[in-house]
Amino acid sequence: MNTIRFKPFFIVALLFFNSLLFAQDFQGKAYYFSKTTMDMSRFGGGRQLNEQQIKQMEARMKQWLERTYVLTFNKEESIFVEDEKLEAPVGGRGPSVWGSSFSPGPQYKNLKTNIYLQDQEFFGKQFLIKEEMQPLEWKMGTESKQIGQYTCFKATATKPSTEINWTRNSRAEGDSNPEKKSDSTKTSNVASAKEDNIPEEIEMIEIEAWYTPMIPVSQGPGEYWGLPGLILEVSAGNTIMLCSKIVMNPQEKTKIEAPVKGKVVSKKEYNAIITEKMQEMRDNRGRGDNARSRG
């Protein structure tokens, strides 16, 4: 059986960071780069996109799919927010009119109270997503690698996906036959009504995380936590987040506060609100296309 052997410098570093952790005003900042990959050819609305069209789609979506975040953490709390410096899109245009409405807002985790909160704005309405933090069943590995100056160890887990499948929605939205789409929507609604008592198939996603015991806090980017060290890299589904910089005990401290504004909803309830709004937008656009075709 493989064993993890700690080198002397690693033990010294671990003791140093442990001493920082026990300081009353301990705080750290970790900067992450996030990248999500998508099959752009699926956004053709039933038609095949050529290579140039796919590249144009990738360029428009880049600022939505590639983002930077800052995780501010202490012994018990953390807040994960998008880096405001990169919010202004190049050339004054974002990936889409509605794209920014689907970007995750500030995410707060409290290890002591076991509460996860997300401050989220959606088309001008403020929501407060509230969940009890459910620990993942991490499988600890012995594989290690360096991320910057930190020795990291691998852990894996699986969890049910809580995200909406935008690729499927985009295909539906891009249907070139509004009347057919309307009929299929009605059929889908009838089928859904008949199957109300049948549980939905839950998509499970694989998670691979790399954490460092050199910073012994059970925190990580976004919704991820629960390892014996700060998570510096995590891959889940088609998204990867990688830490690019860590600042321990910065001179200017950031006050970590739990968000309080907005209508309190669960993640499941919030996803249902988004799905309903998207369906409404598709229906309205379908009616507009029908009116123009008759004219």
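Does residue 231 meet the test of being under 18 Å from the mean Cα position of the chain (by Cα) and at pLDDT below 95?
no
Got a sec? Which of 244, 184, 144 is modelled with pLDDT under 65, of a type in the set (Gly, Ala, Ser) and surrounded by fewer than 16 Cβ atoms within 10 Å (Cβ to Cβ)?
184
I'd like the full set of residues that are of a type in the set (Gly, Ala, Ser) and at pLDDT 85 or above, limited to the range 147-176.
148, 155, 157 - these are the residues of the range 147-176 that are of a type in the set (Gly, Ala, Ser) and at pLDDT 85 or above.
A quick yes/no check of all residues on (1) within 19 Å of the chain's Cα centre (by Cα); (2) over 25 Å from residue 213 (Cα atoms):
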{"residue": "109", "(1), (2)": "yes, no"}
{"residue": "120", "(1), (2)": "yes, yes"}
{"residue": "125", "(1), (2)": "no, yes"}
{"residue": "129", "(1), (2)": "yes, yes"}
{"residue": "136", "(1), (2)": "yes, no"}
{"residue": "149", "(1), (2)": "no, no"}
{"residue": "155", "(1), (2)": "yes, no"}
{"residue": "162", "(1), (2)": "yes, yes"}
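The values are calculated or read from the model by the stated rules, or taken from the named source; none is laboratory data. Model, not experiment: these values are computed from the prediction. Glycine gets a Cβ as well: all are built from the backbone with ideal geometry, and neighbour counts include every protein chain shown.
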